[in-house]
Amino acid sequence: KTQCNLLELLKEMKIETFEQYRQGIKFVEMDNTVTQYEGGVPTIGLLNLLDLNLTLQALERQATGLKTSQPDQVERMDQDSVKSAVQRLTSREESELFLRGVVAPVLQGSDERMSQIHALNVAQSSGGFEKLFKDAQELRVDGGAQRITERLAESVGPARLRLGWPVAEIRQSTDNDDENFRGEVCLLSESGDQLTSCLVLCTLPLASLNLVKFRPTLPPSKQQLANSCPTVSHTLKTIITYANAFWRQAGFSGEILSCQGQPTNPQSVSGSISVCYDACSRDGAHPALVVLASSGADRTASPNERREALLNHLARFFPKEDVFNFIDYAEHSWCSEPYHSTCMASAVSVGCGSLLLSPELSKPFHRVHFAGSDMADEWIGYMEGAVQSAKRATAELLQAL
């Protein structure tokens, strides 16, 4: 509800939202133990909750002061991964495991390699960790978020859209370049076709910038960030459709948080689920659960092996006969998407996080301007961030014309 730019766009498009279903009993799994709770406070023990609260307060202070930190402070912080930062701040093993379990699906990357500055930067752009954990996905788009892109495509018109036209090179003129390209930008496709324009808006995530050759080459800060992203982010998303929402009927919300970590082999039940929540349509006509899991340990497993492991893991929380009696099972690995290594912000590895704080990150590169959720000032990694950065880039383009 705090993502005002996106809500304004949805209102303009006459697309409605509805609240994420959270009524009923929730599950949390730690150390091979499943516990149930209601409301917003998990049952992980009073001492663990106190430790968790103190840790979050420390993280909130770091996130709030991130933009004003001294360069030497930022450099020291950039040597820490998210995992090592959480381990240092927590005093109890259970609270550490729980917090890492919460962070994993939100940031969607390996917390052992991800810079803590990346986590702090995402949090400060969203109004803090508490808002990021609780409010980031409290609303859903009626009919699916793809309706936004469909409406945008309609407003542009099919004649102006070039789908299936992957850009291989963006060429700009400089004083020493070919006269044919002076004063314009040339886009070259993989098949050798080309388009020219006076200005270009690039909305690729940081992790995908390396897929395009820039001439002249990108500034070192952007190039280094692009090089630091691809090996860190990995997410597997699964939607399981059922004939009825059996979890709702039994008094459960459908929400699961598993802090077990990654499975050590494809057949391992433990760790198949990172987070699960209700994905039913607004009218309830299409009952479904959506599951997010790190796919880093599952890339060598077959789809059937991953499905069996995930369903068996899900059966720890719900009756097995209900879990396996699905209508449809759709799995998608964001690692297989060339232009999106994750469905959130491009996670940046240790040692490169400080580059995220550079004002050069979102600045135009000659006649190429940049937008997208990675380049946002607010809600980095979310659609809100994409809309906010698009407004900023649009103002730049209008001024440059």
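Of all strands (runs of 3 or more DSSP E) completely enclosed by segment 177-255, which ones contain at least 1 residues that are out of contact with any helix residue (DSSP H, G or I) (no Cβ under 6 Å at 6 or more places or on another chain), of a type outside the set (S, T, N, Q) and modelled with pLDDT under 90?
236-241
Residue check, Leu132 against (1) in contact (Cβ under 8 Å) with a residue 60 or more places away in the chain; (2) of a type in the set (A, V, I, L, M); (3) within 27 Å of Gly353 (Cα to Cα), all met but one. Which one?
With (1) in contact (Cβ under 8 Å) with a residue 60 or more places away in the chain; (2) of a type in the set (A, V, I, L, M); (3) within 27 Å of Gly353 (Cα to Cα) applied to Leu132, the lone miss is (1).
Would you confirm whether any residue within segment 68-91 is assigned to a helix (DSSP H, G or I), crowded, with 20+ Cβ neighbours inside 10 Å and in contact (Cβ under 8 Å) with a residue 40 or more places away in the chain?
Within segment 68-91 (the criterion being assigned to a helix (DSSP H, G or I), crowded, with 20+ Cβ neighbours inside 10 Å and in contact (Cβ under 8 Å) with a residue 40 or more places away in the chain), the answer is no, since none of the residues qualifies.
Would you be able to say whether some residue in segment 287-299 is within 20 Å of Val34 (Cβ to Cβ), under 21 Å from the mean Cα position of the chain (by Cα), at pLDDT below 85 and not in a loop (DSSP other than H, G, I, E, B)?
Yes: one or more hits.
Which numbered condition trips up Val34, out of (1) modelled with pLDDT under 95; (2) surrounded by 14 or more Cβ atoms within 10 Å (Cβ to Cβ); (3) within 30 Å of Ala250 (Cβ to Cβ)?
Answer for Val34: the failing condition is (2).
State all residues of segment 151-178 that are free of Cβ contacts under 8 Å to residues at least 24 places away in the same chain and either under 30 Å from Thr55 (Cβ atoms) or surrounded by 14 or more Cβ atoms within 10 Å (Cβ to Cβ) (or both); if no residue qualifies, say none.
The one that is free of Cβ contacts under 8 Å to residues at least 24 places away in the same chain and either under 30 Å from Thr55 (Cβ atoms) or surrounded by 14 or more Cβ atoms within 10 Å (Cβ to Cβ) (or both): Ser173.
Any residue at all in segment 103-117 that's surrounded by 13 or more Cβ atoms within 10 Å (Cβ to Cβ) and at pLDDT 90 or above?
yes
Does Ser341 count as closer than 20 Å to Ser228 by Cβ, at pLDDT below 80 and out of contact with any strand residue (DSSP E or B) (no Cβ under 7 Å at 6 or more places or on another chain)?
Here the answer is yes, as Ser341 does meet what is asked.
Which of (1) modelled with pLDDT under 85; (2) under 30 Å from Phe214 (Cα atoms); (3) surrounded by 14 or more Cβ atoms within 10 Å (Cβ to Cβ) does His369 not meet, given it meets every other one?
Unmet condition: (1).
The values are calculated or read from the model by the stated rules, or taken from the named source; none is laboratory data. Bear in mind the structure is a predicted one, so any value in this text is a computation, not a measurement. All Cβ positions, even for glycine, are placed from backbone atoms using ideal geometry, and neighbour counts span all protein chains on display.
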